[in-house]
Amino acid sequence: MEDKDVKKEEHGAPKISGDNSNDPRIIAFVCNWCTYSGADLAGTSRMKYSDNVRVIKLPCTGRIDPLFIVEAFKKGAKGVLVSGCHPGDCHYTSGNYHSRRKYATFRDLLGYLGVDLDRVEFSWVSASEGNKWVSIINEFTDKIKSLPGKSTDIFTKK
């Protein structure tokens, strides 16, 4: 998957109910193999969770780029979640380790760019953890809703 493909996914993101309700719009960049399957399990099991999340599937979270996150905020997201396979379970052997190292590094960069770091989260969700996906989405949504200031105050620096 190339950068242009991910940007097309972000650009073509349909309006989700978070755009028209009190639930903030959240973009989730997820691993194709684990987290996406966990989210799918939650949906097919009819588990209840906020419907304010736009999932963008990556072949692996090792593919995440800080520009994807910045672009998501520029396009109106109020929060961004990156979620992949548990350590040791990556279908590409070490992609999840790469993503975690990248996240630790570019989290500081995002802060420097002025992104409110409370609006960015990283998690591990396996294909069999639909319940965990539901919990993460609901807790992250509640966290974003509880942040002080207007919901448009994504960037802390002007």
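The values are calculated or read from the model by the stated rules, or taken from the named source; none is laboratory data. Just so we're clear, the structure is a prediction, and the values are computed from it rather than from any experiment. Methodologically, a virtual Cβ is constructed for each residue, glycine included, from the backbone with ideal geometry; neighbour enumeration extends over all protein chains shown.
Observations on the structure shown:
- The residue pairs whose first member lies in region 62-86 and is among the acidic types (Asp, Glu), whose second member is part of a helix (DSSP H, G or I), and whose beta carbons are closer than 7 Å, counting only pairs six or more residues apart or on different chains, are 65/3; 71/7; 71/10.
- Residue check for residue 74: surrounded by fewer than 23 Cβ atoms within 10 Å (Cβ to Cβ) and among the basic types (Lys, Arg): yes
- Count - residues of region 77-105 that are surrounded by 21 or more Cβ atoms within 10 Å (Cβ to Cβ) and not hydroxyl-bearing (Ser, Thr, Tyr): 11
- Failed item in (1) of a type outside the set (Phe, Trp, Tyr); (2) modelled with pLDDT under 90; (3) outside any helix (DSSP H, G or I); (4) loosely packed, with under 14 Cβ neighbours inside 10 Å, with residue 4 passing the rest: (3)
- In region 93-104, the residues that are touching a residue at least 24 places away in the same chain (Cβ under 8 Å) reach residues that are outside any helix (DSSP H, G or I) and among the aromatic types (Phe, Trp, Tyr) with C-beta atoms within less than 7 angstrom, at least six apart or across chains, in these pairs: 103/122.
- Evaluated against (1) touching a helix residue (DSSP H, G or I) at 6+ places or on another chain (Cβ under 8 Å); (2) surrounded by 14 or more Cβ atoms within 10 Å (Cβ to Cβ); (3) at pLDDT below 95, residue 127 falls short on exactly one condition, (3).
- Conditions (1) surrounded by fewer than 17 Cβ atoms within 10 Å (Cβ to Cβ); (2) of a type outside the set (Asp, Glu); (3) in contact with a His (Cβ under 6 Å, 6 or more places away or on another chain); number of the one not met by residue 114: (3)
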